[in-house]
Amino acid sequence: MDQVELKVDEMNCAACSSTVEKALQKSSGVKSASVAVSTGRATIIGTNLDGESLAEIATNAGYPSQVIDAGIDPSQLASEIETRQKKNASSWKRRAILGVSIWAPFEGLHWYLFLQEIETNWAPWVMLFASTLSMILVGSGFFTSALGAAKRMQTNMDTLITIGAGAAYFFSLYIFVAKKAFDFDVGHPMYFMEAAALLAIISIGHWLEATSSAKAGSAIRELLKMQPDTAELVAEDGSTSTIATGEVGEGIRLLVRPGGRIPVDGVVVDGASEIDESIVTGEPLPVVKGIGDQLIAGSMNTTGQLILKTTVDGRHTTVSRIAQLVTNAQSSKAGIQRLADKVAGVFVPIVLAIAALTVVGWSISGQTGDGIVFAVTILVISCPCALGLATPMAVMVAAGESSLRGILVKDASSLELAGKTATVIFDKTGTLTLGKPVVDSIQPEGDETAQTVLAYAASVETPSEHPIASAIVNEAAKQELTVLPVTDFEATAGSGVHGLVDSKKVSVLRDDAATCKVELEGKIIGRITVTDEIRPEAKKTVDELRASGIQVHMLSGDRTSTAEAVAREVGIAPENVHAEASPSDKTEIVSSLPRPSMMVGDGINDAAALAASDVGVAIASGTNVAMESASIIIPANDIEATAESINIAKNALTTIKQNLVFAFMYNVAAIPLAAFGLLGEHGPLIAAAAMGFSDVTVIGNAIRLKHKLRKRRMNTQ
């Protein structure tokens, strides 16, 4: 499948994104198209896609578009989104200030004359001038957008505003001309100031909305600030020079001083230090790093001076890839959002029909003027902005805050499903356990001591690369035992190892998968049992999940007895243990369990099982953040973040539902009030303020989610 990313400008509501999506989906080869107003991006998936042709289609739909270069630095892309959000907020700020500057003084004059009961011939002319000025300078953007949509036989949010403000203005102009030119009293006041106020208040609402949206999406900015703009290049002669991080190539040596941040992913070639990797892993405690250890871009070097050799170039660091993942997640759409967008797409025509019926209904009763005022109120109060913002704002916050916790969510659908998780399935080896065998017990026989048995076993196992051999050798080193040289070493696959230690034949033979017998000159002197060490956070994680009502299962290719022993330690019920399972068995088991299901593994040998679940979670190393089989990646190698990812998703889902309920209830309640004239002759002004309030309320709820998640993150560190 091909994937094309487009930058789409001039979208300001769900109807806009729906228009672009429909246009793109009609193109040959397109399987799916997702367009996000919040980030101004379109993601198109299909076969034989031509980016330039798709950009032209989106442009012809009324929204200037261009292809995003696949090779663009993800941090640059995130920076462009931030710039776009700031530019949008600045534009609305100017329009809001201009609108208020025109409307407020003349509105004040209008009320002064009214309260002082002063009648003048020039006042209507002044109001006409102010309203016309506002229509031209403040309303032109709305009118241009609505006219463009009309030419394409479409409607959008600006259609409602244009017709609403236009109706108030031209109805007032009709009253004005009738009075001045024909001395005919229509019997209604003029609404010139209402038209100007409408445009000013709506512009203020958009300004607050744009500013709040930028705040809600601040996580990427915080992330990118952690990667320094420059790096210190180390030359062959040891001298250093400054270079832009984006210009650093792979295989280059860089100097990182104490207190500085790692500019590019790499491996330590000189020096040692403690590194704060919390930006990627969420782990607050520094990690000791020495020669040969991996460094992650954006991490803080706290103590010693380091020289690293880069393993990637400066444009494709872990920080950049994380920024790309978060940007993709924020630009994607959850299923619940797609439904909301469909509703918003048909909402505008329905509102236009209701407004028309309102005019007709009141005209029949001889109150045409009131009917027009009430119709204007309907048009303004029904703008589906809040509906279009309800989901993307919460998704933007949740994806961003998850990344700061060390949880990378690939798309909004995964976030939505994670919040509904009914079953969590853990792979045993490397997930519930550390994946590194350790010595569990030593049982000496005869007169031998445990230390003697271990010393002989470690001596003969030293040349072996088998995981059990490593466990035995490491345990001997831990106990500071003397390990003697081995000669005539021989390893037999599936059996064990033999060799001469101090001129004596020593054998370490496999009794079973977890136990070895140690022989000296053909006589058994003891047995060593190894086990895969259980992660310290495993039981706490399982307990948290079970306490929240989620079923917890475990998959393992090991013997039933071994798997059940691990399950007992971490608190998983015996009936939920699936042992001796092949990769294909694991896939079938995952598919058969209650859904939505979440599979947690390492993303390598359990990739098929991850793909079979609704939400695949990969417990990865710090720099491996691009696993295809997983929809959520946890670079911290910390399964406790699994429970946290579900908690974040549940909070996000609750916020989305609250926002959607508010947006729907607002429109359902507001339209009848407007249609039956219960908002009075100042209904258009009340409607404009209410519309802005609804937008800010939805975004404010998303910001509340941000503070809630951030407070929880701080409390758990």
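Report the residue count in segment 677-689 for those that are in a helix (DSSP H, G or I) and either modelled with pLDDT of 80 or more or over 15 Å from residue 200 (Cβ atoms) (or both).
Step one: filter segment 677-689 for residues in a helix (DSSP H, G or I), giving 683-689.
Still in the list and also either modelled with pLDDT of 80 or more or over 15 Å from residue 200 (Cβ atoms) (or both): 683.
Looking only at that region, the number is 1.
Looking at 209, 283, 277, 194 in this structure, which one is under 30 Å from residue 708 (Cα atoms), modelled with pLDDT under 90, among the acidic types (Asp, Glu) and assigned by TED's automatic domain parsing to the domain that holds residue 389? Before you say what the answer is, go through the steps one by one.
On the way: 283 fails: assigned by TED's automatic domain parsing to the domain that holds residue 389; 277 fails: assigned by TED's automatic domain parsing to the domain that holds residue 389; 194 fails: under 30 Å from residue 708 (Cα atoms).
After applying the criteria, what remains is 209.
Got a sec? Which of 430, 446, 419, 435 is under 28 Å from the mean Cα position of the chain (by Cα), surrounded by fewer than 22 Cβ atoms within 10 Å (Cβ to Cβ) and farther than 19 Å from residue 477 by Cα? Write out each step before concluding.
Numbers: 446 fails: under 28 Å from the mean Cα position of the chain (by Cα); 419 fails: surrounded by fewer than 22 Cβ atoms within 10 Å (Cβ to Cβ); 435 fails: under 28 Å from the mean Cα position of the chain (by Cα).
Testing whether each residue is under 28 Å from the mean Cα position of the chain (by Cα), surrounded by fewer than 22 Cβ atoms within 10 Å (Cβ to Cβ) and farther than 19 Å from residue 477 by Cα leaves just 430.
In segment 160-167, is there at least one residue being among the polar types (S, T, N, Q) and over 28 Å from residue 693 (Cβ atoms)? Don't jump to the end; show me each part of the working.
Taking segment 160-167 as the starting set, the residues that turn out to be among the polar types (S, T, N, Q) are 162.
Then drop every residue that is not over 28 Å from residue 693 (Cβ atoms), which leaves none.
Scanning segment 160-167, I find no residue that is among the polar types (S, T, N, Q) and over 28 Å from residue 693 (Cβ atoms), so the answer is no.
Residues 62, 108: which one is modelled with pLDDT of 75 or more and touching an Asp or Glu at 6+ places or on another chain (Cβ under 8 Å)?
Details: 108 fails: touching an Asp or Glu at 6+ places or on another chain (Cβ under 8 Å).
Criteria check complete, one pass: 62.
Report, by residue number, each residue of segment 654-676 that is at pLDDT 90 or above and either buried (at least 21 other Cβ atoms within 10 Å of the Cβ) or small (Gly, Ala, Ser) (or both).
Across segment 654-676, the qualifying residue is only 655.
Starting from residues that are part of a helix (DSSP H, G or I) and at pLDDT 90 or above, keep the ones in segment 567-587 and report whichever is surrounded by the fewest Cβ atoms within 10 Å (Cβ to Cβ). Explain how you work it out, then say what you get.
From segment 567-587, those part of a helix (DSSP H, G or I) are 567-570, 574-576, 583-587; that's our starting set.
When the remaining residues are screened for being at pLDDT 90 or above, the result is 567-570, 574-576.
Numbers: 567: 24, 568: 12, 569: 15, 570: 22, 574: 10, 575: 8, 576: 16.
Ranking the qualifying residues of segment 567-587, first place goes to 575.
For residue 520, indicate whether it is more than 17 Å from residue 466 (Cβ to Cβ), in the same structural domain as residue 444 (by TED's automatic domain parsing) and touching a residue at least 40 places away in the same chain (Cβ under 8 Å).
yes
So the check is Cβ under 6 Å with 6+ separation or different chains; which pairs have a first residue in segment 179-202 that's over 21 Å from residue 366 (Cβ atoms) and a second one that's hydroxyl-bearing (Ser, Thr, Tyr) and in a helix (DSSP H, G or I)?
192/131; 192/172; 195/131; 195/169; 196/131; 196/134; 199/134
Check off (1) crowded, with 20+ Cβ neighbours inside 10 Å; (2) more than 16 Å from residue 429 (Cα to Cα); (3) under 34 Å from the mean Cα position of the chain (by Cα) for residue 544 and give me the number that stays unchecked.
For residue 544, the failing item is (1).
The values are calculated or read from the model by the stated rules, or taken from the named source; none is laboratory data. No experiment lies behind these values; they were computed from the predicted model shown. Cβ atoms come from the backbone with ideal geometry, glycine included; neighbour counts cover every protein chain shown.
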